[in-house]
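Please read the structure below before turning to the comments.
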Amino acid sequence: MQQPQKKQIQEIQVLRLVASMMVLISHLQHEVMDQSFVDTANFKPFEPVFWAGGVDLFFIISGFIMYHLSRNSFGKPGAPLQFILRRIVRVAPPYWFFTIAMLCAMVLFAGSVRYGSPSLEQIVGSFLFLPLPDPYGHFYPVLILGWTLNFEMLFYAVFAVGLFFNKSWGMTFVIAALLVLGGLPYFHVVQTPPFAFWANPIVFEFLFGIALAHLRDTGVRVGPLVGWSLFVAGMALMVVFKVTGLTELGGLWRPLWMGLPAFVACAGPALLDEKLDSALKPLMRALVFGGNASFALYLSHPFSINLVALVAPRIGIHSPWLYIVVAGGFAMIVAAFVYLLLERPMTGWLHRRFWAPKPPKAFDIPAVGPR
């Protein structure tokens, strides 16, 4: 089951780092308000953008990567199974590890965990990426931020079905399925789980990423000035939409007030002509490493933040901004180690297990020497 390795697009990894840092900043500023040892009397969160919109960047990046990697696999025998297996190998083991860690934390620190005990049904649903109601009626898995992965797995499943067909019919199916799922909430016709969760306009953002990958595939490229200007313009749009209150429109219009700026921000790096000045290569390597570790940061940062919260009052940290800096720095360090010591070895072993070339059997080796 060997497949050729595909060249990593470095700028996409930089976008993944940006997305994970936005989510980290969002959670840090939310968590600091819940810590009794922090003096928040004069604390005002720094919110020029909707920081949680890093998730929207992730969804656009996901759409881009899935189409970019699989655009030539439509209609090929075994392609759907290979696709979905690769996605499970990439996403599930680290996520399952931290889901188990959360279940352990709920037992060991029962008095400190703010959420109710999950039901057996919710636990099973978490491991199967099925959105089922938690004790409060919300569609959150045991590891709450795993809600985004439930959307990711939905997208992977839809895309895998599309791979059964030729490219034209396959992409027609993928686009139609996501348009229907994203459009249903505008008509208030889906109330039953799990479709009450899956039917969400945020799935349109996978299509935004597919559109960018299609443009790249057709040869559309921009230079560094245009590319990074588009990134800055997209981030500036996020500021404008936050300041003007468009972010208050709610989830139904999220693809407009967050998806559109995220699309613009992703467009430049995604379409960038990959020619990098040698002086910038060390910086790019550091940023790419951050992008590679972004999934580890996304999964591990709640644990890192809470570990700092346990230690901070004992070492005299009461300033909210000092807490944010220390917890954020610690989360990034932990994420680097999680990536190097857990995620990369784990997924690497699984890839070798499933896709490494197998040595020829004895009877496949041609005879040599005199007969």
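The values are calculated or read from the model by the stated rules, or taken from the named source; none is laboratory data. The shown structure was predicted, so the numbers you read here are calculated from the model rather than taken from an experiment. No Cβ is skipped: glycine too gets one built from the backbone with ideal geometry, and neighbour counts run over all protein chains shown. SASA here: full protein model, heavy atoms, side chains in, ligands and nucleic acids out. Shrake-Rupley method; radii C 1.70, N 1.55, O 1.52, S 1.80 Å.
Please pick out the residue among 231, 206 that is at pLDDT 95 or above, within 17 Å of residue 257 (Cα to Cα) and open to solvent by 30 Å² or more (accessible area, probe 1.4 Å). Write out each step before concluding.
On the way: 206 fails: open to solvent by 30 Å² or more (accessible area, probe 1.4 Å).
Answer to the selection: 231.
For a quick check of your reading of the model, give me the residue pairs whose first member lies in the stretch 197-213 and is free of Cβ contacts under 8 Å to residues at least 24 places away in the same chain, whose second is surrounded by fewer than 22 Cβ atoms within 10 Å (Cβ to Cβ) and part of a helix (DSSP H, G or I), with beta-carbon atoms closer than 7 Å and at least 6 apart or on different chains.
Once the first residue is free of Cβ contacts under 8 Å to residues at least 24 places away in the same chain and sits in the stretch 197-213, its partners that are surrounded by fewer than 22 Cβ atoms within 10 Å (Cβ to Cβ) and part of a helix (DSSP H, G or I) give 199/184; 199/185.
So residue 90 fits all but one of (1) open to solvent by 40 Å² or more (accessible area, probe 1.4 Å); (2) closer than 30 Å to residue 165 by Cα; (3) touching a residue at least 24 places away in the same chain (Cβ under 8 Å); (4) over 16 Å from the mean Cα position of the chain (by Cα); what number is the exception?
(4)
Among the residues of the stretch 244-256 satisfying the criterion of being without any contact (Cβ under 8 Å) to a residue 24 or more places away in the chain and part of a helix (DSSP H, G or I), which is surrounded by the fewest Cβ atoms within 10 Å (Cβ to Cβ)?
Initially, the stretch 244-256 is screened for residues without any contact (Cβ under 8 Å) to a residue 24 or more places away in the chain, giving 244-246, 248-250, 256.
Then keep just the ones that are part of a helix (DSSP H, G or I); that gives 246, 248-249, 256.
Working: 246: 18, 248: 11, 249: 13, 256: 14.
Taking the candidates together, the pick is 248.
Which numbered condition in (1) of a type outside the set (Lys, Arg); (2) within 20 Å of residue 92 (Cα to Cα); (3) open to solvent by less than 40 Å² (accessible area, probe 1.4 Å); (4) modelled with pLDDT of 95 or more is the only one that residue 122 fails?
The single condition residue 122 does not satisfy is (4).
Would you mind finding the one in 59, 43 that is aromatic (Phe, Trp, Tyr) and modelled with pLDDT of 95 or more? Quick ask: steps written out before the conclusion?
On the way: 43 fails: modelled with pLDDT of 95 or more.
The match here is 59.
What is the number of the single condition among (1) within 30 Å of residue 323 (Cα to Cα); (2) modelled with pLDDT of 95 or more; (3) open to solvent by less than 10 Å² (accessible area, probe 1.4 Å) that residue 64 does not meet?
The number of the failed condition is (1).
Residue check: is residue 186 in a helix (DSSP H, G or I), more than 27 Å from residue 343 (Cβ to Cβ) and in contact (Cβ under 8 Å) with a residue 24 or more places away in the chain?
Numbers: in a helix (DSSP H, G or I): yes; more than 27 Å from residue 343 (Cβ to Cβ): yes; in contact (Cβ under 8 Å) with a residue 24 or more places away in the chain: yes.
Answer is yes for this residue.
Take the conditions more than 30 Å from residue 220 (Cα to Cα), surrounded by fewer than 18 Cβ atoms within 10 Å (Cβ to Cβ), within 21 Å of the chain's Cα centre (by Cα) and modelled with pLDDT of 95 or more and apply them to residue 98. Does it pass? Walk me through it before giving the result.
Details: more than 30 Å from residue 220 (Cα to Cα): yes; surrounded by fewer than 18 Cβ atoms within 10 Å (Cβ to Cβ): no; within 21 Å of the chain's Cα centre (by Cα): yes; modelled with pLDDT of 95 or more: yes.
It is false that residue 98 is more than 30 Å from residue 220 (Cα to Cα), surrounded by fewer than 18 Cβ atoms within 10 Å (Cβ to Cβ), within 21 Å of the chain's Cα centre (by Cα) and modelled with pLDDT of 95 or more.
Of 326, 264, which residue is at pLDDT 95 or above, part of a helix (DSSP H, G or I) and closer than 30 Å to residue 100 by Cβ? Working first, answer last.
Details: 264 fails: closer than 30 Å to residue 100 by Cβ.
Step by step, each of 326, 264 is checked, and only 326 is at pLDDT 95 or above, part of a helix (DSSP H, G or I) and closer than 30 Å to residue 100 by Cβ.
The conditions are (1) touching a Leu at 6+ places or on another chain (Cβ under 8 Å); (2) among the hydrophobic types (A, V, I, L, M, F, W, C); (3) assigned to a helix (DSSP H, G or I); (4) open to solvent by 10 Å² or more (accessible area, probe 1.4 Å), and residue 69 fails exactly one of them. Which is it?
It fails just one condition, (1).
What are the pairs, 6+ residues apart or on separate chains, where a residue within the stretch 293-304 that is farther than 8 Å from residue 334 by Cα has its Cβ under 9 Å from a residue that is open to solvent by less than 10 Å² (accessible area, probe 1.4 Å) and among the charged types (D, E, K, R)?
Final answer for the pair search is 293/343; 295/343; 296/343; 299/343.
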